[in-house]
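The structure under discussion appears below in the form of structure tokens.
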Amino acid sequence: MAAPDDIVHDMTLELGPDKVPAPEFLKAVRAFAELLDGIAKDACGDKRAVGWEISVARGSQLIRADIAPATDPKAVHTVRTLLRRPPQRTVNRFRRFPKSIEGTRIWIGQEDCDSLRDSDDEQSSETGPFTEYGTVEGKLDTLSARGSVHFTIYEPIWDKGVNCSVPPDLVDTMQKMWRRRIAAHGMVHYDAEGRPMSIRAEEVELFPYDETPLKEFRGLLRTE
């Protein structure tokens, strides 16, 4: 567990063990990036309103996120106010963060957020399915052309397929991305536990991490 003096950033992802399998590492980093975007959206209504700077010290298990200096001061204040007392929607985002790596923690400043990830109060249990603008990332796997074209995105965080529909002008683009890792942006329908069930995509792009060689991540964690 990190010492308090190490946690001096807006948000920190602490990877528990000294060695982490590459797929689990990538899953955690992607989920952390998605969490940051979600927090910005909850605070400002637009994830693009907040810039995040990521830092990882060599030999460290900590992935640190700070609001970029160029971010509008009003947005900075709004985000930091939200983080001090997260609304239920933001709490649900913490709860959706995968726990596949034992000992992984999320910090807000010097506050350990395990209580947010593990909370199961009456308010959260009454939260039903919901729809909001978001992103689904994963491998473009299957499609159906019965009447209209539908795609399935294999989403690695929840280890499931997410149904994806697109407007006609995006069909050719999607077909060219067949079996590649993509990021689809649009209205996402989540179940009561916050898992993505389907997305009506408005924009799709190749997932930026897809071309990153694993050797780029070497040296980020402590080794024996």
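The values are calculated or read from the model by the stated rules, or taken from the named source; none is laboratory data. Computed from a prediction, not measured in an experiment: that's the story for all the values here. As a convention, Cβ positions derive from the backbone with ideal geometry for all residues, glycine included, and neighbour counts pool all protein chains shown. Side chains included, ligands, DNA and RNA excluded: accessible areas come from the protein's heavy atoms. Shrake-Rupley method; radii C 1.70, N 1.55, O 1.52, S 1.80 Å.
Quick check: with the 1.4 Å probe, what order do TRP107, TRP52 take by accessible area, largest first? Display every interim value, and only then the final one.
Values: TRP107 15, TRP52 50 Å².
Greatest to least solvent exposure: TRP52, TRP107.
Amide H contacts of TYR133 (H built 1.01 Å from N, in plane; Pro and chain starts excluded): VAL188 sit under 5 Å, all sequence-distant by 5 or more or on other chains.
Computed from the Cβ-Cβ distance with R0 of 22 Å, the FRET efficiency linking HIS77 to VAL56 stands at 0.25. Modelled this way, with points 7 Å down the Cα-to-C-beta line, the labels at GLU132 and LYS176 are 3.3 nm from one another. Judged by the gyration tensor of its Cα atoms, with axes a ≥ b ≥ c, segment 50-118 is oblate; a/c meets the 1.5 cut and b/c is at least as large as a/b.
Using a simple spin-label model with pseudo-atoms 7 Å out from Cα toward Cβ, GLU102 and ARG200 lie 4.4 nm apart.
Computed on protein heavy atoms with a 1.4 Å probe, the accessible areas place CYS44, CYS164 in the order CYS44, CYS164, largest first.
When MET177, MET11 are compared by accessible surface with a 1.4 Å probe, the order from highest to lowest is MET177, MET11.
Around the amide H of GLU202, modelled in the peptide plane, lie the amide H atoms of HIS185, GLY186, MET187, all under 5 Å away and 5 or more residues distant in sequence or on another chain.
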